[in-house]
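What follows is one structure encoded as structure tokens, with my remarks underneath.
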Amino acid sequence: KRFREPKHERRPWRIWFLDTSKQAIGMLFIHFANVYLSDLTEEDPCSLYLINFLLDATLGMLLIYIGVRAVSSIVEWQQWESLRFGEYG
């Protein structure tokens, strides 16, 4: 994706790395949490893993979206310039 962006709009490598590593760490955490939780049940661990993944991918993303929108609204209302999402200065 990075190389499809026009050169003048690309993020610097450092910011790109920090953004993607944050996502990778989050995915690893969710994966190992799902593996641990699915091992605690007597039922089929694969189906429980799938249910946990689907809940995270749907309800989890919805909650994150609502949280980001709420925090963005507060930041705009309070006019905190340094806390705006996606603006790295």
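Element breakdown for the chain at a 1.4 angstrom probe: carbon and sulfur atoms account for 67% of the accessible area. With θ taken as phi - 60° and the Karplus curve 6.51 cos²θ - 1.76 cosθ + 1.60 applied, the whole-hertz 3J(HN,Hα) list for the stretch 71-85 is 5, 4, 5, 5, 4, 5, 5, 7, 6, 8, 5, 6, 10, 6, 5 Hz, x standing for glycine and proline. The 3J(HN,Hα) values that the Karplus relation (6.51, -1.76, 1.60; θ = phi - 60°) gives for the stretch 34-47 are, in residue order, 5, 5, 5, 5, 6, 7, 7, 9, 8, 7, 5, x, 5, 5 Hz. Gly and Pro appear as x. Shape summary: the stretch 1-81 maps onto an equivalent ellipsoid whose semi-axes, from the alpha-carbon gyration tensor, are 33, 20, 11 Å in decreasing order.
The values are calculated or read from the model by the stated rules, or taken from the named source; none is laboratory data. Note that this is a predicted model, so its numbers are computed, not measured. Areas reflect the complete protein model, heavy atoms only, side chains present, ligands, DNA and RNA absent. Shrake-Rupley method; radii C 1.70, N 1.55, O 1.52, S 1.80 Å.
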